[in-house]
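Enquirer: Mind looking over this structure? Questions follow.
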Amino acid sequence: MDNSVFLDDDSNQPMPVSRFFGNVELMQVFQASLKLLKMIITQYIPKHKLSKLETAHCVERTIPILLTRTGDSSARLRVTAANFIQEMALFKEVKSLQIIPSYLVQPLKANSSVHLAMSQMGLLARLLKDLGTGSSGFTIDNVMKFSVSSLEHRVYEVRETAVRIILDMYRQHQASILEYLPPDDSNTRKNILYKTIFEGFAKIDGRPTDAEMREKESDAVKPKNQDIQGGKAAPAEALGIPDEHYLDNLCIFCGERSESFTEEGLDLHYWKHCLMLTRCDHCKQVVEISSLTEHLLTECDKKDGFGKCYRCSEAVFKEELPRHIKNKECNPAKPEKLANRCPLCHENFSPGEEAWKAHLMSLAGCTMNLRKTHILQKAPALQPGKSSAVAASGPSGSKAGSKIPTPKGGLSKSSSRTHARR
């Protein structure tokens, strides 16, 4: 079948299929063109006993343009295009060709629009459930390579969908997925996305997660441990929560549990309230404060602009680094085995992961954790007779559900991840 099945309204001359789809402006015309394409693939070609090459020709000439339409500024057009691509991929005449999956696992372009990237990820996730990875065009290899690369995308929703796809793939293929991921160790888990992925794997396997093990250790040492936000991560048994739902409504970083911690509620908590997290000034990502220095030096989009001071071991702008080192005004860091180093207040404190919680969340800890400082500032007025030192610290029962503005100053002053509109 050639391209002459469409006629130009003005000249009544044959018009290429690709031009017809590429010049669609009105929604009604677009919908009509989709009906025509469906009729050609599912009725015209089978009725006239044309070969699969003709079907492949139709798909290959139109699918790139349809994918482009999924990034259109019109929400209605985006949804219509995406739904038709999903429907077309399931046509029996198209399904066996395995063409559409090969387009969906193409790496996302750095300059592609937000809508286009989100639509491609959404289509991939939906079609994976419909088609699976057996003789469909989707394979463990191409899906995992695409998903892992998407974890680095600038758009939060794209990264979130990539995590969901990886977890779905793990449910089906278990150990085969692990070879595409970095090793599950403390360094990898400093990245929030990988920490979420490996915690999800543990949950799927029925293994205790890091959060559960930390809670058990914490309960054994300090049964009534409570952070400055007033959120207590009690054991599952004490709350009457089944083990398989223990991570529901729980922040795995600070240990706070709240009914408001739905999927979106946790995103907001990570973005705005969690005392263990901060927002990178330079790439808009939310990172653990304990790994902020490493993030700036090795992961941040602006990492090339930072260097490491050999005295304090912190990230410093390269243009300021010579003067920083020459002045020798920074507080020298201790070896990692002897002390942790806070990138906010630049102080050394006890080593170990639990020590980070105490430093960042307790009244006597970090004085530059602006999320905690703001909570203290919103505390009730001091009662008569109290000392000024107590007033400066504030009570520990203040709840973190209030409207906390974007912190200003220091390394945590940046805006949020790309889903700031939430």
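The values are calculated or read from the model by the stated rules, or taken from the named source; none is laboratory data. Just so it is clear, the model here is predicted, and its values are computed rather than measured. Note that each Cβ is placed from the backbone with ideal geometry, even for glycine, and that neighbours are counted across all protein chains shown. Heads up: the accessible areas ignore ligands, DNA and RNA and are worked out on the full protein's heavy atoms, side chains in. Shrake-Rupley method; radii C 1.70, N 1.55, O 1.52, S 1.80 Å.
Enquirer: May I ask you to list the residues in segment 98-141 that are open to solvent by 20 Å² or more (accessible area, probe 1.4 Å), of a type in the set (S, T, N, Q) and over 16 Å from Phe84 (Cβ atoms)?
Expert: Those that are open to solvent by 20 Å² or more (accessible area, probe 1.4 Å), of a type in the set (S, T, N, Q) and over 16 Å from Phe84 (Cβ atoms): Gln98, Ser102, Gln106, Asn111, Ser113, Thr133, Ser135, Thr139.
Enquirer: Does Gln28 fit the bill of being modelled with pLDDT under 90, surrounded by fewer than 17 Cβ atoms within 10 Å (Cβ to Cβ) and over 22 Å from Leu124 (Cβ atoms)? Steps first, please.
Expert: Numbers: modelled with pLDDT under 90: yes; surrounded by fewer than 17 Cβ atoms within 10 Å (Cβ to Cβ): yes; over 22 Å from Leu124 (Cβ atoms): yes.
When the stated conditions are applied, Gln28 passes them.
Enquirer: Sort through His374, His346 and tell me the only one that's out of contact with any strand residue (DSSP E or B) (no Cβ under 7 Å at 6 or more places or on another chain), at pLDDT 65 or above, over 24 Å from Glu215 (Cβ atoms) and open to solvent by less than 60 Å² (accessible area, probe 1.4 Å).
Expert: Numbers: His346 fails: open to solvent by less than 60 Å² (accessible area, probe 1.4 Å).
After ruling out the rest, the residue left standing is His374.
Enquirer: Tell me yes or no: at least one residue of segment 324-333 is under 21 Å from Thr188 (Cβ atoms), buried (at least 16 other Cβ atoms within 10 Å of the Cβ) and touching a strand residue (DSSP E or B) at 6+ places or on another chain (Cβ under 6 Å).
Expert: Going residue by residue through segment 324-333, those that are under 21 Å from Thr188 (Cβ atoms) are none.
So far as segment 324-333 goes, no, none of its residues is under 21 Å from Thr188 (Cβ atoms), buried (at least 16 other Cβ atoms within 10 Å of the Cβ) and touching a strand residue (DSSP E or B) at 6+ places or on another chain (Cβ under 6 Å).
Enquirer: Among the residues of segment 148-167, how many are surrounded by 18 or more Cβ atoms within 10 Å (Cβ to Cβ) and basic (Lys, Arg)?
Expert: Summing the residues that are surrounded by 18 or more Cβ atoms within 10 Å (Cβ to Cβ) and basic (Lys, Arg) in segment 148-167 gives 1.
Enquirer: Can I ask one more? Out of segment 312-330, which residues are under 27 Å from Arg371 (Cα atoms) and at pLDDT below 90?
Expert: Glu329
Enquirer: Follow-up question, since we're still on this one. Could you list all residues from segment 191-212 that are surrounded by fewer than 18 Cβ atoms within 10 Å (Cβ to Cβ) and of a type in the set (Lys, Arg)?
Expert: Hit for segment 191-212 is Arg207, nothing else.
Quick grid of which residues meet (1) under 23 Å from the mean Cα position of the chain (by Cα); (2) at pLDDT below 90:
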position: Leu77; (1), (2): no, yes
position: Ala82; (1), (2): yes, no
position: Leu90; (1), (2): no, no
position: Leu97; (1), (2): no, no
position: Pro107; (1), (2): yes, no
position: Ala110; (1), (2): yes, yes
position: Ser113; (1), (2): yes, yes
position: Leu116; (1), (2): yes, no
position: Gln120; (1), (2): yes, no
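Enquirer: List every residue pair whose Cβ atoms sit under 7 Å apart, with the two residues 6 or more apart in sequence or on different chains, where the first one lies in segment 106-122 and is within 19 Å of Phe138 (Cα to Cα) and the second, anywhere, is open to solvent by less than 50 Å² (accessible area, probe 1.4 Å) and among the basic types (Lys, Arg).
Expert: Pairs that qualify, where the first residue is within 19 Å of Phe138 (Cα to Cα) and the partner is open to solvent by less than 50 Å² (accessible area, probe 1.4 Å) and among the basic types (Lys, Arg), are Ser119/Arg78.
Enquirer: Please identify the pairs in which a residue from segment 306-319 that is surrounded by 12 or more Cβ atoms within 10 Å (Cβ to Cβ) has its Cβ atom under 8 Å from the Cβ atom of a residue that is acidic (Asp, Glu) and modelled with pLDDT of 90 or more, counting only partners at least 6 apart or on another chain.
Expert: Pairs found: Lys308/Glu314.
To keep it simple, each residue is scored yes or no on (1) closer than 22 Å to Glu152 by Cβ; (2) of a type outside the set (A, V, I, L, M).
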residue: Cys280; (1), (2): yes, yes
residue: Glu294; (1), (2): yes, yes
residue: Thr298; (1), (2): yes, yes
residue: Phe306; (1), (2): yes, yes
residue: Ser313; (1), (2): no, yes
residue: Leu321; (1), (2): no, no
residue: Arg341; (1), (2): no, yes
residue: Ser350; (1), (2): no, yes
residue: Glu353; (1), (2): no, yes
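Enquirer: Any idea which of Lys190, Lys145 is under 24 Å from Cys283 (Cα atoms) and either free of Cβ contacts under 8 Å to residues at least 24 places away in the same chain or touching a strand residue (DSSP E or B) at 6+ places or on another chain (Cβ under 9 Å) (or both)? Break it down into steps so the answer makes sense when it comes.
Expert: On the way: Lys145 fails: either free of Cβ contacts under 8 Å to residues at least 24 places away in the same chain or touching a strand residue (DSSP E or B) at 6+ places or on another chain (Cβ under 9 Å) (or both).
Going through Lys190, Lys145 in turn, the sole match is Lys190.
Enquirer: Applying the selection to segment 168-187, what residues are under 13 Å from Leu151 (Cα atoms) and open to solvent by less than 50 Å² (accessible area, probe 1.4 Å)?
Expert: Within segment 168-187, the first condition is being under 13 Å from Leu151 (Cα atoms), and the residues that meet it are 180-182.
Within segment 168-187, Leu181, Pro182 meet the criteria.
Enquirer: Can you pull out the residues in segment 31-43 that are open to solvent by less than 90 Å² (accessible area, probe 1.4 Å) and either modelled with pLDDT under 90 or not charged (D, E, K, R) (or both)? Give the derivation first.
Expert: Narrowing segment 31-43 to residues open to solvent by less than 90 Å² (accessible area, probe 1.4 Å): 31-34, 36-42.
Matches in segment 31-43: Gln31, Ala32, Ser33, Leu34, Leu36, Leu37, Met39, Ile40, Ile41, Thr42.
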